[in-house]
Amino acid sequence: MVRLATILARGGSKGVPGKNVRMIAGAPLIAHSVRHAVEAELFDAIAVSSDADDILEAGRAAGATHLVERPAQMATDEAGKLPAIRHCVAEVEALVGATFATITDLQPTSPTRLADDIRGAVDMQARLGVSNVISGSEAKSSPYFNLVEERADGSVGLSKAPAGDVVRRQDAPRCFDLNGSIYVWRRDALMEGEGLWFADTHLYEMPPERSVDIDTELDFRFADFLMSQAGN
């Protein structure tokens, strides 16, 4: 087995209750990420992991090949995502009796991505052979120019001192906002590593309109608007 796609979605949501199965652009939110994985035509298996039966059923209906029940202790507000991804990988590998070379995690709250974005990120990881590839979009603020930090005395200063004079944001090194949409891991890096960052971590750039992460009601409405416009 070469590639596994994982899509993890908890049942609880404070900002937008029930968001993972809420209808958007004609389908439950999570269904769009499953569809993206199917349309990418890269994966030997597509797994949805959740603590909620309605999310698992929506994933199955959208085309997921495996459903994984996420343990309750991995579905709390305080629980990290990496242990849940590793649990999902281990469960699917036990079911198929094989290990995967790479794992691509797709955030279910990123419905504006395209299958082409997934192909691009997976291709980057394979071409470079790096530990992982993460997705993001160019940041609006720069720590070298207009992003400041508050000091202990209440004064503020640039988050990161530039090497020389930076009079325009365009003169500063390019910076990115992680959009959480796509993570491509080499299996050993995911299962044996200690976190997200490695010496060889690379970023796959996506445009802002495909980088929406639904965390609030406003995000939901904005994503729905963008998707309706794309549909038209």
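The values are calculated or read from the model by the stated rules, or taken from the named source; none is laboratory data. Owing to the predicted nature of the structure, the values given are computational and were not obtained by experimental measurement. Cβ sites come from the backbone with ideal geometry, for glycine too, and all protein chains shown count toward neighbours. We work out accessible area using only protein heavy atoms, side chains counted, and drop any ligands, DNA or RNA first. Shrake-Rupley method; radii C 1.70, N 1.55, O 1.52, S 1.80 Å.
Summary of values
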| item | result |
| --- | --- |
| Magnitude of the charge dipole, the chain, Cβ model with Lys/Arg +1 and Asp/Glu -1, debye to 20 | 300 |
| Relative contact order of the chain, defined on C-alpha pairs under 8 angstrom at six or more residues apart (%) | 23 |
| Helix-only [θ]222 nm of the chain, DSSP H runs n ≥ 4, -39500 (n - 2.57) each, per residue, nearest 500 | -10000 deg cm²/dmol |
| Calculated diffusion of region 7-136, Stokes-Einstein form, Kirkwood radius summed over Cα pairs, 20 °C and 1.002 mPa s, µm²/s | 142 |
| For region 1-79: rounded, prolate or oblate by the Cα gyration tensor [a/c cutoff 1.5] | oblate |
| Rounded to the nearest 20 debye, dipole of region 131-225 from Cβ charges on Lys, Arg, Asp, Glu | 300 |
| For region 165-222: rounded, prolate or oblate by the Cα gyration tensor [a/c cutoff 1.5] | oblate |
| Cα→Cβ-extended label distance, 7 Å offset, between residue 229 and residue 197, nm | 3.4 |
| Selected from 75, 27, 37 as most flexible by GNM, with the chain as the system and alpha-carbon contacts under 10 Å | 27 |
| Antiparallel DSSP beta bridges within the chain, as percent of all bridges there, nearest 5 | 50 |
| Antiparallel bridge percentage (DSSP; both residues within region 134-231; nearest 5) | 70 |
| Degrees separating the helix 29-40 axis from the principal Cα axis of the chain, which is the longest one | 80 |
| Solvent-accessible area of residue 105 with every protein chain in place, 1.4 Å probe, in Å² to the nearest 10 | 0 |
| Spin-label pair residue 54/residue 178, simplified geometry with 7 Å Cα→Cβ offset, distance in nm | 3.0 |
| Prolate/oblate/rounded label for region 106-230 (Cα gyration tensor, a/c 1.5) | oblate |
| Length-normalised contact order for region 1-72 - Cα pairs under 8 Å, 6+ apart - percent | 35 |
| Under the Karplus curve 6.51 cos²θ - 1.76 cosθ + 1.60, θ = phi - 60°, whole-Hz ³J(HN,Hα) for region 150-162, x wherever Gly or Pro sits | 7, 8, 4, 8, x, 6, 10, x, 4, 5, 9, 6, x |
| Quarter of the Cα convex hull surface for the chain, i.e. its orientation-mean projected area (nm²) | 14.8 |
| Solvent exposure, largest accessible area first (probe 1.4 Å, DNA, RNA and ligands not counted), of 140, 19, 81 | 140, 81, 19 |
| Positive minus negative residues near residue 83 (Lys, Arg vs Asp, Glu; Cβ under 14 Å) | -2 |
| Region 46-99, accessible surface, carbon-and-sulfur percent (1.4 angstrom probe) | 51 |
| Unit charges on C-beta of K, R, D, E only; dipole of region 69-149, Debye | 160 |
| HN-Hα J in Hz across region 104-111 - Karplus 6.51, -1.76, 1.60, θ = phi - 60°, x for Gly and Pro | 10, 9, 10, 6, x, 8, 10, x |
| Per residue solvent-accessible surface (Å²) - the chain, probe of 1.4 Å | 50 |
| In order through region 15-24: 3J(HN,Hα) via Karplus (6.51 cos²θ - 1.76 cosθ + 1.60), integer Hz, x for Gly, Pro | x, 9, x, x, 4, 5, 10, 6, 6, 8 |
| Two-site FRET efficiency, residue 115 against residue 148, from Cβ-Cβ distance with R₀ of 41 Å, rounded to 0.05 | 0.60 |
